[in-house]
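Below is one structure, written out as structure tokens, with a few remarks after it.
The values are calculated or read from the model by the stated rules, or taken from the named source; none is laboratory data. A quick note: this is a predicted structure, and the numbers were derived from the prediction, not measured. Note: ideal-geometry Cβ built from the backbone for every residue, glycine included; neighbour counts use all protein chains shown. The area values use the complete protein model at the heavy-atom level, side chains included, leaving out ligands, DNA and RNA. Shrake-Rupley method; radii C 1.70, N 1.55, O 1.52, S 1.80 Å.
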Amino acid sequence: DQQVKQNSPSLSVQEGRISILNCDYTNSMFDYFLWYKKYPAEGPTFLISISSIKDKNEDGRFTVFLNKSAKHLSLHIVPSQPGDSAVYFCAASAYNTDKLIFGTGTRLQVFP
Amino acid sequence: GAGVSQTPSNKVTEKGKYVELRCDPISGHTALYWYRQSLGQGPEFLIYFQGTGAADDSGLPNDRFFAVRPEGSVSTLKIQRTERGDSAVYLCASGGQGYGYTFGSGTRLTVV
């Protein structure tokens, strides 16, 4: 039972364009959502998060959008850079728990 | 240290053997988490410590898995009678308050 789903295993984007990574969830108890970035042979690195009381959070080139009615969130990276090439994981947690449920990841490749 | 340190970085063991994986969290972090990442999957929650006690061990797959954190700092994940299906990258993370936890680079366990 995959509670957090990333249906696109990979995405290829040209440098300078926008990257949009998508994530869907099924558990209505989730109230906090995070994106992590992972390079090979390293642990995941926290990128950006959003609380369920918001529908948008922005940090530099990264913006996360949350649509609670659709149980969908997305990460926008603009402009995309070659250094953004990595695997991106969406994660969620429910109220009053620190346990994160991760999606299966999307491999982003940004080419020149 | 500056980050979460995990040792060893790689471990190859024979089926049926016992292994211990060590995690040295960021100094002062009270929360410590163990996750497991299998090939092509996102990290999967195993156990969470708050201080010395296991606050949530609901992710441990069976009684062959056990984790301790006797002094509220270093933690050891112990796997008895290893099976080939235990092969994965075992990730440790530590955090202060809130959700900003920091992952280590992981221990890649291979059971042959």
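When the residues of segment A:87-103 are filtered to those that are touching a residue at least 12 places away in the same chain (Cβ under 8 Å) and assigned to a loop (DSSP other than H, G, I, E, B), the one that is surrounded by the fewest Cβ atoms within 10 Å (Cβ to Cβ) is A:TYR95.
Tell me the strands (runs of 3 or more DSSP E) entirely within segment A:1-80 that contain at least 3 residues that are open to solvent by less than 30 Å² (accessible area, probe 1.4 Å). Give the steps one after another, and end with the answer.
Working: elements: A:10-14, A:19-25, A:30-38, A:45-51, A:56-59, A:62-67, A:72-77.
So the answer is A:19-25, A:30-38, A:45-51, A:62-67, A:72-77.
Taking A:LYS71, is it touching an Asp or Glu at 6+ places or on another chain (Cβ under 8 Å) and more than 14 Å from chain B (Cβ to nearest Cβ)? Considered against the rule, which asks whether it is touching an Asp or Glu at 6+ places or on another chain (Cβ under 8 Å) and more than 14 Å from chain B (Cβ to nearest Cβ), A:LYS71 comes out as yes.
Selection of segment B:1-25 for residues being open to solvent by 30 Å² or more (accessible area, probe 1.4 Å) and part of a loop (DSSP other than H, G, I, E, B) yields B:GLY1, B:ALA2, B:GLY3, B:PRO8, B:SER9, B:GLU14, B:LYS15, B:GLY16, B:LYS17, B:TYR18. Within segment B:80-96, if we keep just the residues that are part of a loop (DSSP other than H, G, I, E, B) and not polar (S, T, N, Q), the residue that is least open to solvent (accessible area, probe 1.4 Å) turns out to be B:GLY96. Looking at B:GLY100, is it assigned to a loop (DSSP other than H, G, I, E, B) and surrounded by fewer than 20 Cβ atoms within 10 Å (Cβ to Cβ)? The answer is yes for B:GLY100. Note on segment B:27-45: residues that are touching a strand residue (DSSP E or B) at 6+ places or on another chain (Cβ under 7 Å) and either at the interface with chain A (Cβ under 10 Å from one of its Cβ atoms) or small (Gly, Ala, Ser) (or both) amount to 9.
Return the only residue of B:GLY28, B:GLY53 being over 23 Å from B:THR110 (Cα atoms), loosely packed, with under 14 Cβ neighbours inside 10 Å and in contact (Cβ under 8 Å) with a residue 40 or more places away in the chain. Write out each step before concluding.
Values: B:GLY53 fails: in contact (Cβ under 8 Å) with a residue 40 or more places away in the chain.
Among B:GLY28, B:GLY53, only B:GLY28 is over 23 Å from B:THR110 (Cα atoms), loosely packed, with under 14 Cβ neighbours inside 10 Å and in contact (Cβ under 8 Å) with a residue 40 or more places away in the chain.
Okay, residues lined up against (1) within 14 Å of another protein chain (Cβ to nearest Cβ); (2) in contact (Cβ under 8 Å) with a residue 60 or more places away in the chain:
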position	(1), (2)
B:PHE66	no, no
B:ARG69	no, no
B:VAL74	no, no
B:ILE79	no, yes
B:SER87	no, no
B:ARG108	yes, yes
